[in-house]
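Q: Before anything else, here's the structure in question.
The values are calculated or read from the model by the stated rules, or taken from the named source; none is laboratory data. As the structure is a computational prediction, the values presented were derived from the model and not from experiment. Note that each Cβ is placed from the backbone with ideal geometry, even for glycine, and that neighbours are counted across all protein chains shown. Surface areas here come from the heavy atoms of the whole protein model, side chains and all, with no ligands, DNA or RNA. Shrake-Rupley method; radii C 1.70, N 1.55, O 1.52, S 1.80 Å.
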Amino acid sequence: MAATAASTMSAAAAVTRRINAALRVDATSGDVAAGADGQNGRRSPVAKRVNDGGGGKDDVWVAVDEKDVCGARGGDGAARPPLFRTYKVKGSILHPYRFLILLRLIAIVAFFAWRVRHKNRDGAWLWTMSMVGDVWFGFSWVLNQLPKLSPIKRVPDIAALADRHSGDLPGVDVFVTTVDPVDEPILYTVNTILSILAADYPVDRYACYLSDDGGTLVHYEAMVEVAKFAELWVPFCRKHCVEPRSPENYFAMKTQAYKGGVPGELMSDHRRVRREYEEFKVRIDSLSSTIRQRSDVYNAKHAGENATWMADGTHWPGTWFEPADNHQRGKHAGIVQVLLNHPSCKPRLGLAASAENPVDFSGVDVRLPMLVYISREKRPGYNHQKKAGAMNVMLRVSALLSNAPFVINFDGDHYVNYSQAFRAPMCFMLDGRGRGGENTAFVQFPQRFDDVDPTDRYANHNRVFFDGTMLSLNGLQGPSYLGTGTMFRRVALYGVEPPRWGAAASQIKAMDIANKFGSSTSFVGTMLDGANQERSITPLAVLDESVAGDLAALTACAYEDGTSWGRDVGWVYNIATEDVYYIQRPFGEYLLYLVAVIAMIHVIGMFEVKWAGITLLDWCRNEQFYMIGSTGVYPTAVLYMALKLVTGKGIYFRLTSKQTTASSGDKFADLYTVRWVPLLIPTIVIMVVNVAAVGVAVGKAAAWGPLTEPGWLAVLGMVFNVWILVLLYPFALGVMGQWGKRPAVLFVAMAMAVAAVAAMYVAFGAPYQAELSGVAASLGKAAAASLTGPSG
């Protein structure tokens, strides 16, 4: 992001994750306490406020000083309740935690100093490699640990927001990005859009934009189907206060507490809507074949054509099934289609139950928010900048169509599982304490994941990061942007500094003079209105030819040439957003350092488990994932940034498919699918070397005897190698593919490998070392004889 304003982390709505699932925003217990079960907030005045000990367990989190949370002053001078509360970790937990971090830092420094004083002269290159590894892991630990010195949790009060802004919530533009209907299953995308359309936010104050970067007719017609099904799904959600509002996830739930006002009609409505949803899924799944059949019919009528045809009998302007000039990947026209127009400001009640309308919506507002399909122009010779480029196009197009002062972006495989998710970040953006809200550039939600295997083998929940590291960053300027589940202030994306650095109007004028925004005067003319955080959505009355021309210019490849887009304006381009010791003999001092450092790792981990509210399994899986990442992914990220700084170019990352093997019938099938990439090589090498080290240690113990000095020193050194292998255990199962379902196979294979290495050492290594020892002894005797002389 181009802006430098502060950011904040919301503890209330956790924003999604994708493991065969979709976006998700959920309220953790106590964070947004509203409604009967403290989970699903309601807009009614009877919604409960956040309790004073909220935001977490009373024995861990405490509110900051009352003077720091006093509310803003209203026009009559009376104090208003704050829109969010701030909590910090109790001193009884935080101070020992900080002390242990300091002790571990001292131990690590002392350990490095000791190793420098005790170099391994017999294997200098191995000692050097080992020290490089030590420095890398020590440096990465310091970077990971320092932000955790002052974790902060901020909890929005949605009830206070309703009291203060009951009818004047600002506008929000919601961006959803997708690329390929196969790699990113289209069912995920339609559930994402449906959960957004059904959100509990004033329907005339937000709009939804889908960016299809593949330009496929399948995505467009899926959105047409979504617009039709939403006429049933959204009123059903409003009538019965459904949670979550992604139909796939809602109908998968076995039980749920009822929040609506007409429980007697729920069962019949549920059956009807579920039947309609199943038919909707059939239409979505068959879109590809339907479009192909239609195109075959039209092509047969037009000899020589091999086009992809829309339902209205016209050529699809995007990519075709059979690539043609101007209709293929990387070369097609830009498309902007409004599928649902912006609704009126007045509620529109539905119809009573009848033969044609079996669901009674007579007391329900049936308006739908604005829905827009976008596919930007693609031409050869242009770097289209992947997801960031697509979102910058949406930022420009939305400025002309709705121009909401706030923007939320989601990935296409997410769903909103908490209907008031859009309200939660507004508590931070609109809070009036010391202009704090106006100085907030973005609010980042933590993510939650569905369909994770029960053992969470690969730390897919990533709770340590979202509930630990991100809350820690919250105690500094704010969390980092995670690429999804984030609300931005629109002008922050334009590169406008916070109000304390100057008025938005003067900044925009200066940047426009420097041609930072491009040549569209219509777009630049919307910026000042987009800076007004109290502004709702004012859509264009008519999309005439002049507006269509402006939209075509804003989606064109060449629009950003000579501008600051991707650097100072919009989403930044070219950013990647996403332990072995060949050591000296384990002397007593060395073992003491090693045991002390490892022990402190686990003691510090217990404190993190306490204040972050995670489980011990979460923490252990995170340790395993950290080892896997730091042997492959993290060094690559450092290399990427180094190349970016030196050459201005980075490493190419390919989008991986999120499609699960449909024929397997196993929702965890992706766990056993191996996608071989170069990033796997370093970790595989480290795993192999540690297995070999264990084999050599066993061989030494067998050759010299486990009770001899060489034997027991080898066994002690092997303990560390075994610990590394335990941390790499999930990785080893992963590279086994389908065999990973049978962990016993891994243990047998490792045992055989260790035995083979040990046997080779006994056969070849031990005699050689014995021979060297004999030579050394003979040389020693000869030297002694020469010193003492013939009579000695």
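Q: So how long is each side of region 372-420 along the principal axes, counting just the alpha-carbon atoms, biggest first, in Å?
A: Dimensions of region 372-420 along the principal axes of its Cα atoms: 43, 26, 16 Å.
Q: Quick one: give the max-minus-min coordinate of the C-alpha atoms of region 161-307 along each principal axis, largest first, in Å.
A: Cα extents, longest axis first: 64, 36, 26 Å.
Q: Hey, what's region 412-501 come to in accessible area per residue, 1.4 Å probe, Å²?
A: 26
Q: Between Ala311 and Leu187, with labels modelled 7 Å along Cα→Cβ, what's the label distance in nm to one decimal, could you check?
A: Modelled inter-label distance: 2.1 nm.
Q: So for region 466-517, Kirkwood radius off the Cα pairs, Stokes-Einstein at 20 °C and 1.002 mPa s: how many µm² s⁻¹?
A: 162
Q: Rounded to the nearest 0.05, what FRET efficiency is calculated for Leu146 and Leu746 with R0 set to 41 Å and r the Cβ-Cβ distance?
A: Here the calculated transfer efficiency is 0.65.
Q: Oh, and also: Enter the Cα centre distance for the pair region 457-515 and region 274-294, rounded to the nearest angstrom.
A: The distance from the Cα centre of region 457-515 to that of region 274-294 comes to 39 Å.
Q: At 4 °C and a viscosity of 1.567 mPa s, what translational diffusion coefficient does Stokes-Einstein give for region 169-222, taking Rh as the Kirkwood radius over Cα pairs? Give it in µm²/s as a whole number.
A: It diffuses with D of about 108 µm²/s by this estimate.
Q: Which whole-number percent gives the relative contact order of region 405-540, counting Cα pairs below 8 Å spaced six or more residues apart?
A: That works out to 35 percent.
Q: Then there's this: For region 421-493, what is the convex hull (Cα atoms) projected area averaged across all directions, in square nanometres?
A: Answer in nm², one decimal: 5.9.
Q: Still on this structure, please answer the following. Please go through the residue pairs Lys228/Lys346; Lys228/Lys259; Lys331/Lys509; Lys387/Lys610; Lys610/Lys741 and name each one whose alpha carbons sit more than 28 Å apart in this structure.
A: Those over the limit are Lys331/Lys509; Lys387/Lys610; Lys610/Lys741.
Q: Under 5 Å between amide hydrogens, which residues at least 5 positions from Ile335 or on another chain qualify, with H placed 1.01 Å from N in the peptide plane?
A: For Ile335, the qualifying residues are Ser375, Arg376, Glu377.
Q: A further question on this structure: If all Cα-Cα distances of region 123-175 are sorted into 10 Å bins from 0 onward, what percent lands in each bin, rounded to whole numbers?
A: Bins of 10 Å from zero give 17, 19, 16, 17, 13, 10, 6, 1 percent of pairs.
Q: Once the piece of chain linking Leu105 and Lys301 is laid out straight, how much longer is it, given 0.36 nm per residue of separation minus the C-alpha distance between them?
A: 62.9 nm
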